[in-house]
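Visitor: I'd like to ask you about the structure that follows.
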C-alpha cells in the first residue's frame, strides 16, 4: 500500500503538477521498501512490467505514462521519417526498451531487434515489448570482437552503463560480446535497414564490428555522440557516407556535425 501511494504521489506531483523532487523520493524509498523494487505497472497494450525504482530507468516509464516528452523523441522522429514498413531496425543499447517501444507503437518497421547487455533492464525491455510480435531481444552487447566483456553499471544509473577492460568491482557484470558482422554472416539475424547506437562511448567499436554489414547493405546509422570526441565522430564515418546532426528541438537535420544542435548524429549512405 505504501509503495502504491508513493507511485500515485509521483504521478500527481510530477505528472499533473509538474513539480520536481518526487523521483528522488521514489529512489530513496526503494532502498527500504521491497515493494518499490519490483513494482508492477500495466502498460496500455495490457502487458505488465516490473519496476525497480532504485534505477532511474524505472522513472522513465512513469514519465512516459505521464505524457512527458520522450528524451529521444527527435531521434525517433528522424529515423521514422526515413524508414519504411519493410525496414529492419537494430536498436543497439536499448536500456529499458523505451526507444524500441516508441518504434513499435508507430507500426512502421517490419522488425526491430534490440540489444541490451544489462540483464536487469533487458528483462524490463523484454516485458514491455512482449506484445509486439516483430520485436526480438538479444541480451548481449555489440562490439568489435566476439567473446566476453565486462559492463560497469553505476548504482541507480543503468542508462550510463559502459564497458570496462576488466572485472573486480561489485558493480561489474560479465556479458557476451558479438560483432554485428558475425550475427549477419552466420544468418542468425537479418541485415539492418537502420541502426541506432547508444552505447556510452562504445559506438566506434560497434561500428567497427559492423564494417562488412555497412559496406554491403548500406544501412542508415544513428548514433549518440555525447561520449565521443569530434575526432572520434569523424573517424566513425564509414566510407561513402555523409553526416548530419539531428536537432533536438524539432528532429530536422543539420548539414554536417554540429554538436550544439543535438546529441545524436545520422550517418547517411550517399546516393
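Only the coordinates and a few stated rules stand behind these numbers; no lab work does. Everything quoted here is computed from the prediction, not taken from an experiment. Here Cβ is always computed from backbone atoms with ideal geometry, including for glycine, and neighbour counts include all displayed protein chains.
Visitor: Just the Cα atoms of region 2-66: what Rg and Dmax do they give in Å?
Guide: In Å, with Rg to one decimal and Dmax whole: 10.9, 31.
Visitor: Residue 66 to residue 110: FRET efficiency via 1/(1 + (r/R0)^6), r the Cβ-Cβ distance, R0 41 Å, to the nearest 0.05? Could the numbers behind the result be given before it?
Guide: Details: r = 30 Å, r/R0 = 0.74.
With a Förster radius of 41 Å, E is 0.85.
Visitor: Sticking with this one: So what is the calculated 222 nm ellipticity per residue for the chain, using -39500 (n - 2.57) for each DSSP H run with n of 4 or more, over all residues, to the nearest 500 deg cm²/dmol?
Guide: After summing the helix terms and dividing by the residues of the chain, the value is -8500 deg cm²/dmol.
Visitor: To continue, here is another question. Would you calculate the volume per residue, in Å³, of the smallest convex hull containing every Cα atom of the chain?
Guide: Normalising the Cα hull of the chain by residue number yields 130 Å³.
Visitor: Next question. Compute the acute angle (0 to 90°) between the alpha-carbon long axis of helix 119-129 and the principal axis of greatest extent of the alpha-carbon atoms of the chain; round to the nearest 10°.
Guide: 90
Visitor: Here's something else I'd like to know. Viscosity 1.567 mPa s, temperature 4 °C: what is the translational diffusion coefficient of region 186-239 from Stokes-Einstein with a Kirkwood Rh over Cα pairs, rounded to a whole number of µm²/s?
Guide: My calculation gives 111 µm²/s for D.
Visitor: Based only on other Cβ atoms within 10 Å, what is the fewest-to-most ordering of 222, 227?
Guide: Neighbour counts put them in this order, fewest first: 227, 222.
Visitor: With angles folded into 0 to 90 degrees, how steeply does helix 56-66 sit against the dominant principal axis of the chain? Use alpha carbons for both and round to 10.
Guide: 80
Visitor: Just subtract the alpha-carbon distance of residue 81 and residue 218 from 0.36 nm times their residue separation and send over the number in nm, one decimal.
Guide: Working: separation 137, 0.36 × 137 = 49.32 nm, distance 1.72 nm.
Gain on stretching residue 81 to residue 218: 47.6 nm.
Visitor: Would you kindly calculate the mean projected area, averaged across all directions, of the convex hull enclosing the Cα atoms of region 56-208, in square nanometres?
Guide: Approximately 8.8 nm², given one-decimal rounding.
Visitor: Roughly how many nanometres apart are two label points built 7 Å out from the Cα toward the Cβ at residue 188 and residue 25?
Guide: 4.5
Visitor: Between residue 2 and residue 241, what length comes free when the chain is fully extended (0.36 nm per residue of separation minus the Cα-Cα distance, one decimal in nm)?
Guide: Values: separation 239, 0.36 × 239 = 86.04 nm, distance 5.38 nm.
Once the chain is fully extended between residue 2 and residue 241, it gains 80.7 nm.
Visitor: Using alpha-carbon pairs under 8 Å, 6+ residues apart, how would you state the relative contact order of region 117-271 in percent?
Guide: In percent, rounded to a whole number, it is 18.
Visitor: Using alpha carbons only, how many angstrom separate the centre of region 29-83 from the centre of region 150-204?
Guide: Here the answer is 21 Å between Cα centres.
Visitor: Just to be sure I follow: if Rg is taken over the C-alpha atoms of region 116-271 and Rh is the Kirkwood radius over the same atoms, what is Rg/Rh?
Guide: Taking Rh as the inverse mean 1/r over Cα pairs, Rg/Rh reads 0.96.
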